[in-house]
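The values are calculated or read from the model by the stated rules, or taken from the named source; none is laboratory data. All values derive from a computational prediction rather than experimental measurement. In this analysis, Cβ positions are derived from the backbone assuming ideal geometry, glycine residues included, and neighbour counts consider all displayed protein chains.
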Amino acid sequence: MSDTAHGPCLEHPLGADAVRQAVEAHLRSLLARAHAVPSELLDVMGGYLFSGGKRLRPLLCVAGWRAAGGQGLPETLTRVAAALEMFHAFALLHDDVMDDSALRRGRPTAHRALAAVHRGRPDADRLGVCGAILLGDMALVWSDHMLRSAGLPSRQLHAAGRVMDTMREATMCGQYLDLLSAGTGSTDRRRAMAIARDKTAKYTVEGPLHLGAVLAGAEAAVLKRLSAFALPLGDAFQLRNDLQGVFGDPGTTGKSGLDDLRDGKCTLLTALALARAGPAQRGRLLELLGNRRLNDEQAAEARQLLKATGARRLVEDRIHALRAAALAAVDPAVFAPEVAAELRGWAELLTRP
């Protein structure tokens with residue numbers, strides 16, 4: 001799972017800042033009413049919600065609304081968009097625990113932060129992990145509450161609920177497959193792409209677009225065309241983040257440059273490298289990928305091997321092809337010119353280096 005977008009700030013026909021401000025106001029309002037929640041949990045949640053996220057999913061939700069003919073920026077729409085951002089916080093909180101990540105957006109992850117608060121206890125690390133899991137559960141509950149209390153008519157609420165349920169299920173199944181495949185030295189490229197689609201593409205791009213579209217009463221043809229655009233774009237977004245996780249600057253990504261290599265995740269990058277490597281290269285890659293004690297020097301060696309096998313170049317080629325497929329799905333017979341232009345802008349934004 002990822003929350004990284006590359007390049008300059010997002011632009012949006014309705015004003016990205018207006019969308020972000022409305023979403024942030026809803027999120028802050030919810031936390032302000034959570035009087036029974038311990039302060040350290042609220043502090044950690046605030047870090048996940050307000051420390052640099054670009055609100056990709058809420059903005060895409062508004063894009064889906066516009067794609068289906070929605071006008072303006074009604075409060076019900078921004079409340080639903082905020083529910084998406086809270087679901088994203090849930091996903092990040094649990095993902096960081098499962099990966100034992102130290103940093104998120106340049107700050108300590110929830111389980112590390114909570115352990116630090118209670119460092120005087122002998123079970124501080126375990127407490128941190130358990131607390132982060134519970135905080136993630138709370139974010140999931142809050143996300144559902146935000147959707148149900150958004151003020152939607154029953155028909156809209158039912159349609160939005162179906163989209164959210166489908167998106168949540170895919171995310172969790174994709175995350176399980178991600179865990180199941182980590183450290184196996186898999187060369188199965190189809191499996192790698194299936195993981196990327198379920199754990200990222202569907203909840204980062206397709207789900208938000210569909211959610212906004214159903215709020216605007218989208219017809220089946222519009223939803224189908226949005227999926228044809230969203231799924232290859234979401235795949236490309238995850239591939240870009242796979243590259244950033246290994247080759248990117250931690251100062252930009254906000255995460256350690258060692259985590260993805262230490263996890264030994266089954267990604268297209270690693271599957272291609274292991275499939276194309278010679279016997280000596282493959283043996284060394286298997287020693288390095290998934291090594292929880294990997295140091296900076298070994299990480300540099302792993303990166304060099306990933307490049308030497310041609311895997312990095314092939315992933316870049318795949319990103320280019322997926323972006324082209326997404327752009328080809330922007331049908332001028334389905335989308336108004338300004339909507340088509342906005343969708344093309346998203347294809348560029350989510351896949352650029």
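For the stretch 87-113, give me each residue that is more than 12 Å from the chain's Cα centre (by Cα) and among the aliphatic types (A, V, I, L, M).
97, 98, 102, 103, 110, 113
Just need a number here: residues in the stretch 88-98 that are touching a residue at least 60 places away in the same chain (Cβ under 8 Å) and surrounded by 24 or more Cβ atoms within 10 Å (Cβ to Cβ).
Looking only at the stretch 88-98, we keep the residues that are touching a residue at least 60 places away in the same chain (Cβ under 8 Å), and these are 88, 91-92, 94-95, 98.
Those left that are additionally surrounded by 24 or more Cβ atoms within 10 Å (Cβ to Cβ): 88, 91.
Summing the residues that are touching a residue at least 60 places away in the same chain (Cβ under 8 Å) and surrounded by 24 or more Cβ atoms within 10 Å (Cβ to Cβ) in the stretch 88-98 gives 2.
What pairs come out if I take residues in the stretch 245-256 that are more than 13 Å from residue 106 (Cβ to Cβ) and pair them with residues that are surrounded by 18 or more Cβ atoms within 10 Å (Cβ to Cβ) and modelled with pLDDT of 85 or more whose C-beta lies under 6 Å away, six or more apart or interchain?
245/260; 246/260
In the set 82, 160, which member is of a type in the set (Gly, Ala, Ser) and more than 19 Å from the chain's Cα centre (by Cα)?
On the way: 82 fails: more than 19 Å from the chain's Cα centre (by Cα).
Being of a type in the set (Gly, Ala, Ser) and more than 19 Å from the chain's Cα centre (by Cα) holds for just one of 82, 160, which is 160.
Residue check: is residue 282 at negative phi, part of a helix (DSSP H, G or I), crowded, with 18+ Cβ neighbours inside 10 Å and more than 26 Å from the chain's Cα centre (by Cα)?
yes
Can you name the residue in the stretch 13-43 that is within 19 Å of the chain's Cα centre (by Cα) and touching a residue at least 60 places away in the same chain (Cβ under 8 Å) and is also farthest from residue 140 (Cα to Cα) among such residues?
To start, the set of residues in the stretch 13-43 that are within 19 Å of the chain's Cα centre (by Cα) comprises 16, 19-20, 23-24, 27.
Add one more test, that the residue is touching a residue at least 60 places away in the same chain (Cβ under 8 Å), and what stays is 19, 23.
Values: 19: 22, 23: 17 Å.
Result: 19.
Pull out all pairs, ordered by first then second residue, where Cβ-Cβ is under 6 Å, the residues are six or more apart or on different chains, the first lies in the stretch 182-194 and is in contact (Cβ under 8 Å) with a residue 12 or more places away in the chain, and the second is in a loop (DSSP other than H, G, I, E, B) and surrounded by 19 or more Cβ atoms within 10 Å (Cβ to Cβ).
Hits for this filter: 182/264; 182/265; 183/264; 186/266; 192/266; 192/267.
For the stretch 25-46, which positions are in a helix (DSSP H, G or I) and in contact with a helix residue (DSSP H, G or I) (Cβ under 7 Å, 6 or more places away or on another chain)?
Once the filter is applied, which keeps residues that are in a helix (DSSP H, G or I) and in contact with a helix residue (DSSP H, G or I) (Cβ under 7 Å, 6 or more places away or on another chain), the stretch 25-46 yields 26, 27, 30, 31, 40, 41, 42, 44, 45, 46.
Mind checking whether some residue in the stretch 176-187 is on the phi > 0 side of the Ramachandran plot and either modelled with pLDDT under 95 or in contact with a His (Cβ under 7 Å, 6 or more places away or on another chain) (or both)?
Here is the first cut: in the stretch 176-187, the residues on the phi > 0 side of the Ramachandran plot are 183, 185.
Applying the additional criterion that residues be either modelled with pLDDT under 95 or in contact with a His (Cβ under 7 Å, 6 or more places away or on another chain) (or both) yields 183, 185.
Yes - at least one qualifying residue is present in the stretch 176-187.
Which residue out of 20, 33 is surrounded by fewer than 20 Cβ atoms within 10 Å (Cβ to Cβ), modelled with pLDDT of 95 or more and among the basic types (Lys, Arg)?
Of the residues listed, the single one that is surrounded by fewer than 20 Cβ atoms within 10 Å (Cβ to Cβ), modelled with pLDDT of 95 or more and among the basic types (Lys, Arg) is 33.
Quick test for you: out of 75, 85, pick the one residue that is surrounded by fewer than 19 Cβ atoms within 10 Å (Cβ to Cβ), in contact (Cβ under 8 Å) with a residue 40 or more places away in the chain, under 27 Å from residue 163 (Cβ atoms) and touching a helix residue (DSSP H, G or I) at 6+ places or on another chain (Cβ under 8 Å).
The conditions single out 75.
Among the listed residues 172, 164, which satisfies the condition of being assigned to a helix (DSSP H, G or I) and free of Cβ contacts under 8 Å to residues at least 24 places away in the same chain?
Only one candidate qualifies: 172.
I need the full set of residues from the stretch 311-353 which are under 20 Å from the mean Cα position of the chain (by Cα) and not in a helix (DSSP H, G or I), in order please.
350, 351, 352, 353
Select, from 62, 129, the only residue that is under 29 Å from residue 290 (Cβ atoms) and surrounded by 15 or more Cβ atoms within 10 Å (Cβ to Cβ).
Exactly one residue qualifies, and that residue is 129.
Does any residue in the stretch 264-290 that is of a type in the set (Phe, Trp, Tyr) come within less than 7 Å, Cβ to Cβ, of a residue that is modelled with pLDDT of 95 or more six or more places away or on a different chain, and which pairs are these?
none
I'd like the full set of residues that are under 12 Å from residue 96 (Cβ atoms) and either in contact with a Cys (Cβ under 6 Å, 6 or more places away or on another chain) or assigned to a loop (DSSP other than H, G, I, E, B) (or both), limited to the stretch 113-133.
none
May I ask you to list the residues in the stretch 89-105 that are at pLDDT 95 or above and within 17 Å of residue 54 (Cβ to Cβ)?
If the condition is that a residue be at pLDDT 95 or above and within 17 Å of residue 54 (Cβ to Cβ), then 89, 91, 92 are the ones that fit.
It is to be established whether one or more residues within the stretch 221-241 are over 18 Å from residue 96 (Cα atoms), hydroxyl-bearing (Ser, Thr, Tyr), buried (at least 23 other Cβ atoms within 10 Å of the Cβ) and at pLDDT 95 or above.
no
Could you give me the residue pairs with C-beta distances under 7 Å whose first residue belongs to the stretch 316-339 and is at negative phi, whose second residue is part of a loop (DSSP other than H, G, I, E, B) wherever it lies, and which are 6+ apart or on separate chains?
Sorted first by the residue in the stretch 316-339, then by its partner, the pairs are 319/351; 323/351; 338/13.
All but one of (1) more than 17 Å from the chain's Cα centre (by Cα); (2) at pLDDT 95 or above; (3) under 28 Å from residue 101 (Cβ atoms); (4) hydrophobic (A, V, I, L, M, F, W, C) hold for residue 258; which doesn't?
The failed condition is (2).
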